[in-house]
Structures are given as C-alpha cells and as structure tokens.
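Structure first, commentary second.
Taken together, the values in this text are just the output of simple stated rules run on the coordinates, not laboratory data. Quantities reported herein were computed from a predicted structural model and do not represent experimental measurements. Reconstructed Cβ throughout: ideal geometry from the backbone, glycine too, with neighbour counts over all protein chains shown.
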C-alpha cells in the first residue's frame, strides 16, 4: 500500500459525531458517549475507505488564538461563551459534548492515534503545516472551507469535505474548487477575505460577494494584485470597486494574516508523533477493551482496532 497521510480536523469531526449520533447512547453513570462512538466509527471508515497509512488527529490547543482576535476582534466572537482575562476564551460547547472530549483524547491515545496540537494555534494551522511539509500524499478531513487553501494537486493534497454528512463526502481537488468557487485553492484565502465568512466572524468587504470576489481574483490574481490596481489610477478597476476597497482598507490590512493558515509551526515529525498506523498490542489494547466495556462504546472500538490491524 502506498503511503498516504490523513489529517483530521478533530473538533470538526467530534461536533459532527455529537449531532449525528443520538445522545441516548450513554455509559452506566449516565454520561453520553455518542460523540466518542461516532468519532471512532468515522475514523474507522475514513482510514479504510481512503487507504491511510499515517494518521494525525489535529487538535485545537487554542480554538480562537489571541493574535488573530487582536487583528480582527469579531473573529469567532459569536462562538464565545465566556471571555477569560488570563487565558483562552471558552467556546460554546454543549455540556454533553464537553464531558466527552477528555474521553475522546483518552481513547485515541490508547488506540495509538497521534494527537497533535500547537500552543496559541488552531488545528487548521497544525493541518496546514503537516500538509505543506509531509512529503507524501495527504487527505485532510474537515467540514471547514478555510482548509480549501491547502489543496494542491501537484503535491497530492486533497480535502475530504464532510459538510454534507458522512454519506455524502466530497473529495475536493483543484478542479472541484475552481468549479464551485471560480478560484484556485491558492486564491481561496484571498477570496474568503474579500467575501467574508459569517461562520468565522469575518466581515469581508461590504458590497463584494462571492461572484465579484471570484471575478476580481480571476483578473488580478491575488488580493495584493487587486490592491495595487486600486492604487493605480490608470488601471481599469471600476470606481465602485475602488471605493469599496478603500472603505475596507483597515480590515484588508490585517485580514490576510487571520485567514491564511499557518504552515511553518514547529511540530513533531510524523515519526516522532507516532503517525504511522499500527496494531495496538499489550497493555494499551486491554485497557482500551476494558474502557470500551466500561464506557459502553459498543463495537466502535473493535471496528477501529480491526481497521488499525488491517493497515499494520
């Protein structure tokens, strides 16, 4: 089997699992385990269907990094449950899911799945770094459009997009992004900056929607190229677009740093992280099987272990 790395946007997947599996699935003490079960079944299916040989569950060590908020205060602000003076803000997460996140980490650890996060950065940035430097074909699994910017056919990086559900997964390549959005993946961050993204609290440029953003990037290539044209009185840019860009000048000066995924984090290598799929033997396996019984995880642990054995 040819080597292939799978990078999971873990929070995106466990939120989907939580809402996709009934929370009547509980362990003996009444704690729901629907997100744990659902996530494990997703991992089993994804690694099997897409032939992963290496796997990293990328983690949000900081889901709303302060440096991004300093640049755009509205960044993810609608998802803040509680502002914390000396630490990261608390995200709105249903209590029934919050209780399962430590369980998810524990099960992944015992199953030998590499979990990697980075201080002051989101899982997206961990994904961006590994996808840019892995040196082997990469599948990024996410429901987040921001990650379309890492797609690169030449380097065999694709996104397995989960927004329409696990039964309707979309494999996003250069051609699919171009067909859907009329921009290249390399232009996607500039496109998102211009049109805005309400799911991340990005205002965008007032009066520039998806079609105009795509047309402008089609003509000028990049946001920098567009702003150069706006500054050049001799360019063919319409006065209407010029005035919209001028009105958004402060936003456009900082937004690219927020929207662009970081690709140069200091992370453990795939080998150091233990990313290669392997069968779990000895203590961890019996601990995992014991937890599976204690936590009422049903067949999801068995299926995951079978999938890991298969790739061993």
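How compact and how long is the range 185-259, expressed as Rg and Dmax of its alpha-carbon atoms in Å?
11.3, 37
Report the residue, chosen from 238, 199, 132, that carries the largest GNM mean-square fluctuation when the chain is represented by alpha-carbon nodes joined by springs under 10 Å.
238
Sketch the reach of a paramagnetic label on residue 154 as a point 7 Å from Cα along Cα-to-Cβ, and name the residues of the range 192-221 whose backbone nitrogen lies under 20 Å away.
Correct set: 217-221.
Go ahead and set up a Gaussian network model of the chain, Cα springs under 10 Å, then flag whichever of 278, 78, 54 fluctuates most.
The residue that fluctuates most here is 78.
Only Cα pairs under 8 Å and at least 6 apart count here; give the relative contact order of the chain as a rounded whole percent.
Computed value for the chain: 23 percent relative contact order.
With each pseudo-label sitting 7 Å past Cα toward Cβ, what's the residue 253-residue 49 distance in nm, one decimal?
4.6 nm
Separation between the residue 281 and residue 198 pseudo-spin-labels, each 7 Å from Cα along Cα→Cβ, expressed in nm?
Reported label-point gap for residue 281 and residue 198 is 5.5 nm.
Between residue 99 and residue 227, what is the label-point separation in nm under the 7 Å Cα-to-beta-carbon projection?
Reported label-point gap for residue 227 and residue 99 is 4.8 nm.
Using Cα springs under 10 Å in a Gaussian network model of the chain, which residue among 167, 263, 182 shows the largest mean-square fluctuation?
Fluctuation is largest for 167.
Extension gain residue 70-residue 309, at 0.36 nm per residue separation less the Cα-Cα distance, in nm?
Full extension from residue 70 to residue 309 adds 81.5 nm.
Determine the gain in length on full extension of the stretch residue 293-residue 79; use 0.36 nm per residue of separation and subtract their C-alpha separation, reporting nm with one decimal.
Working: separation 214, 0.36 × 214 = 77.04 nm, distance 3.46 nm.
Extending this stretch completely gives an extra 73.6 nm.
Find the relative contact order for the range 185-259 and round it to a whole percent, using C-alpha pairs within less than 8 Å whose residues are 6+ positions apart.
It rounds to 32 percent for the range 185-259.
As I understand it, the value is the acute angle between the Cα axis of helix 282-294 and the longest principal axis of the Cα atoms of the chain; what does it come to in degrees, rounded to 10?
So the inclination is approximately 90 degrees.
May I ask for the angle, rounded to the nearest 10°, between helix 300-311 and the longest principal axis of the chain, with both axes built from Cα atoms and the value confined to 0 to 90°?
80 degrees
Once Rh for the range 1-113 is found with the Kirkwood sum over Cα pairs, what is the Stokes-Einstein diffusion coefficient at 37 °C and 0.692 mPa s, in µm²/s?
Numbers: Rh = 15.7 Å.
So the translational diffusion coefficient is about 209 µm²/s.
How large are Rg and Dmax for the range 190-312 when only the alpha carbon atoms are used, in Å?
Gyration radius and largest Cα-Cα distance of the range 190-312: 25.0, 72 Å.
Give me the angle, in degrees from 0 to 90, between the Cα long axis of helix 101-110 and the longest principal axis of the Cα atoms of the chain, rounded to the nearest 10.
60 degrees
Take the Cα atoms of the chain, find their three principal axes, and give me the spread along each one in whole Å, biggest first.
72, 45, 34
For the chain, give me the percentage of DSSP beta bridges that are antiparallel, rounded to the nearest 5 percent.
35 percent
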